[in-house]
Amino acid sequence: DDASNRNPFSGDKYIRRNRSRSILCLPLIKQAKLTGILYLENRLTSHVFTPARIAVLRLLASQAAISLENARLFADLQHAEAYLAESQRLAHMGSFAFNSSHTKLFWSEEIYRIYEVGRETAPTFEVGRQRNHPGEPTLVQKIMDQVSEGGGNCELDHRLKMPDGSTKNLHVVVHAERNAAGELDYVGTVMDVT
């Protein structure tokens, strides 16, 4: 309440040098884990941190702890995604996912490079069909045929015809699993083995 009065911390060099009067230090705790400290001081007057103000500051401290933890988790996720993208680039292997209703399709960065499609292009089954080698079933059709025959996993080879006329050879590994709606969700990898 009044740091200028004699107390166990009144001899602290920082407090003496800054002539702090009111000091408040609250832990930032998220799920029983200390994530930081909220430190406030006032040099002008004592007894600034009333019980009502402390109650508000405790609420803010708990929200700050949650925000700091979320920011850390988001930064960790960004790093993990960057590492995954770089390792896929080095291996010439991308990942994809889609569901049997064909409403959602996801491509990793490396799939865009393998298919030689700009990142501004939304991943669609039509884009994949455009790169399909003539006379060969589409990759999606091959996957669905193999999964329906042999269960939830398949491994296959596929060819693409690129805009410059060259051919790319792909090795594809897919896992299919039924979701809560009873539809098949497909997750797989595509490796350029040309």
For this session: Would you kindly find the accessible area of Met162, with a 1.4 Å probe and non-protein molecules such as ligands, DNA and RNA excluded, rounding to the nearest 10 Å²?
Result: 10
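How much length would be gained if the chain were fully extended between Asn18 and Ile37, taking 0.36 nm per residue of separation minus their Cα-Cα distance, in nm to one decimal? Provide the component values of the computation, followed by the final result.
On the way: separation 19, 0.36 × 19 = 6.84 nm, distance 1.95 nm.
Between Asn18 and Ile37, full extension yields 4.9 nm more.
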Seminar exercise, completed: When the chain is treated as a Gaussian network with springs between alpha carbons less than 10 Å apart, the largest mean-square fluctuation among Pro137, Pro51, Pro123 is found at Pro51
Exercise. For the residue pair Arg178 and Asp1, what label-to-label distance in nm results when each label sits 7 Å from Cα along the Cα-to-beta-carbon direction?
Worked result: 6.8
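What part of the accessible area of region 53-122, given as a whole %, is carbon or sulfur when the probe is 1.4 angstrom?
With neighbouring chains kept in place, the figure for region 53-122 is 64 percent.
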Exercise. Which one of Ile54, Ile66, Ile111 has the biggest mean-square fluctuation once the chain is modelled by GNM with Cα springs under 10 Å?
Worked result: Ile54
Seminar exercise, completed: Ranked by GNM mean-square fluctuation in the chain (Cα springs under 10 Å), the top entry among Asn99, Asn169, Asn18 is Asn18
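Determine the relative contact order of the chain: mean sequence separation of Cα pairs under 8 Å and six or more apart, normalised by residue count, in whole percent. Walk me through the numbers on the way to the answer.
Numbers: 284 pairs, mean separation 27.9, N = 194.
About 14 percent, as a whole number.
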For this session: Report the full-extension gain for the segment Leu59 to His171: residue separation times 0.36 nm, less the Cα-Cα distance, to one decimal in nm.
Result: 34.9 nm
Seminar exercise, completed: With Cα coordinates, the longest principal axis of the chain makes an angle with the long axis of helix 51-91, in degrees rounded to 10, of 30
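For the chain, with every protein chain kept in place, what is the accessible area per residue (1.4 Å probe, Å²)?
Details: 12410 Å² over 194 residues.
Using a 1.4 Å probe on heavy atoms only, each residue of the chain averages 64 Å².
Add +1 for every Lys or Arg and -1 for every Asp or Glu among the other residues with Cβ under 12 Å from the Cβ of Thr124, and state the total. Let's see the in-between values first.
On the way: positive: Lys104, Arg129, Arg131; negative: Glu126.
Net charge in that neighbourhood comes out at +2.
Are there trypsin sites (Lys or Arg not before Pro) in region 105-157 that DSSP marks as loop and that have at most 11 other Cβ atoms within 10 Å, and which are they? Provide the component values of the computation, followed by the final result.
On the way: sites: Arg113, Arg119, Arg129, Arg131, Lys142; in loops: Arg119, Arg131.
Passing both the DSSP loop test and the Cβ count: Arg119.
Ignoring ligands, DNA and RNA, how do His133, His171, His79 rank by accessible area with a 1.4 Å probe, largest first? Don't skip to the end; give the middle numbers.
Working: His133 25, His171 55, His79 105 Å².
Ranked list, largest accessible area first: His79, His171, His133.
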For this session: Check the straight Cα-Cα distances from Lys104 and name the aspartates and glutamates below 16 Å, setting aside those fewer than 8 residues away within the same chain.
Result: Glu126, Glu177, Glu183, Asp185
Seminar exercise, completed: Nearest 10, in degrees from 0 to 90: the angle of helix 139-150 to the longest Cα principal axis of the chain is 90
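The values are calculated or read from the model by the stated rules, or taken from the named source; none is laboratory data. As the structure is a prediction and not an experimental result, all values here were calculated from the model. So basically every Cβ, Gly included, is an ideal-geometry build from the backbone, and we count neighbours across all protein chains shown. Heads up: the accessible areas ignore ligands, DNA and RNA and are worked out on the full protein's heavy atoms, side chains in. Shrake-Rupley method; radii C 1.70, N 1.55, O 1.52, S 1.80 Å.
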